[in-house]
Amino acid sequence: MKVASALSAIKTACVVALSLVVATPSLTQAQNYPNRPIRMVLPFSPGGAADAPGRVLMQKLSEVLGQQVFVDNRPGAGGTIGAASVAKATPDGYTLLLISNTHVISASLYKNLPYDSVTDFAPVLQFSEAPNVLVVHPSLPVKSVRELIALAKEKPGKIDYASSGNGSSQHLFAALFSSMAGVNMFHIPYKGSAQATTELLGGEVKVGFPGIAGMLQYIKDGRLRALAVTGAKRSPELPDVPTIAEAGLKGYEATLWLGILGPAALPKEIITKLNTAMSGILKQPDVQHSLQAVGTEIVYRTPGEFGEYVRAEQKKWSTVVKEIGLKVN
């Protein structure tokens, strides 16, 4: 009995010791984090609606953490290429993902994704929200939402609209508009916002739903005509431009939100450190001014709140995708 008891005690001690050995690297990792550069994957092309706000935040984060936070643009397939690279990354806090609505929209559009848009990621925080703007090329003979709807009904399938890619917020915002208005406009997806904007400015396509920041100068100089913004309220950058709901399509509302995720097993201590650093950055007046200048409003959510919001948004947009009948193979 004494031998058995002794063996049992030794076994218990070994298990405890082993658990401490396993736990210690994670704790040490969090305490020393970060001690090398951090890669922030943006699954969009440079110059898009998410790119400028993301760079504002990352520049400040580099200063606060004392390590470079560099942006790695990985556009394509509705943001799924960049997202897949982060889902498979080591959960050590050195590979993060900046997401928008596209992250949850793509979950409904694309079949056989190599990740789950909710369970394969750890939420860090949401930091902004902004409407897009409905613009048309001046050669299109419409000056209001009602006139655009009337023309689209008169010429079904004949009016093209540009987007930054299949499954992008530009795509879904336009598709929702078409569905609610009962019109059929033809979707032309491009490889990112920059290419879509170039084609819009050239008049190759007549309609778009891009982010506001990149459109302000073109609207100001008359190269594009702003008909309405997509949010529930007017944009401070375009105070004279009505919302789509105000302009005649009641009930329409769609905004581009931005947030940060990490791989699913990212330690809570690292999540807390990142969230604390970024929430502090968002309180800085110069950051608030910079984000407003690129057309976005600060909206902060904690990791838990952001996780719930991502789930709710995925449910919302999956319903929209099904109702509209959109599919991307």
Full-extension gain in nm, GLN31 to ILE81, via 0.36 nm per residue minus C-alpha separation: 14.9 nm
Residues in the stretch 118-157 that a label on GLU308 would reach, taking backbone N under 17 Å of a point 7 Å out along Cα→Cβ: 123-127
In order through the stretch 172-178: 3J(HN,Hα) via Karplus (6.51 cos²θ - 1.76 cosθ + 1.60), integer Hz, x for Gly, Pro: 6, 5, 6, 5, 5, 4, 4
222 nm mean residue ellipticity, helices alone, for the chain (DSSP H n ≥ 4; -39,500 (n - 2.57); rounded to 500): -14000 deg cm²/dmol
Table column - 3J(HN,Hα) (Hz), the stretch 135-150, Karplus curve with 6.51, -1.76, 1.60, x for Gly and Pro: 10, 10, 6, x, 6, 7, x, 9, 10, 8, 4, 4, 5, 5, 4, 4
Other-chain or far-sequence residues with amide H under 5 Å of SER163's (modelled H): ILE188, TYR190
Within the chain: Cβ-based charge dipole about Cα centre, in debye rounded to nearest 20 (Lys, Arg +1; Asp, Glu -1): 520
Of LYS88/LYS322; LYS60/LYS273; LYS191/LYS327; LYS250/LYS327; LYS153/LYS233; LYS158/LYS206, those spanning more than 22 Å from alpha-carbon to alpha-carbon: LYS88/LYS322; LYS250/LYS327; LYS153/LYS233
In degrees, nearest ten, helix 303-324 long axis to first principal axis of the chain (Cα): 40
Label of the coordinate-derived value, Rg/Rh (Cα atoms, Kirkwood Rh), listed as (i) 1.09; (ii) 0.95; (iii) 0.93: (i)
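Just so you know, all these numbers are worked out from the coordinates, no wet-lab data involved. Given the structure is predicted, the values throughout are model-derived calculations rather than measurements. FYI the Cβ positions are ideal-geometry reconstructions off the backbone, even for glycines, and counts take in every protein chain you see.
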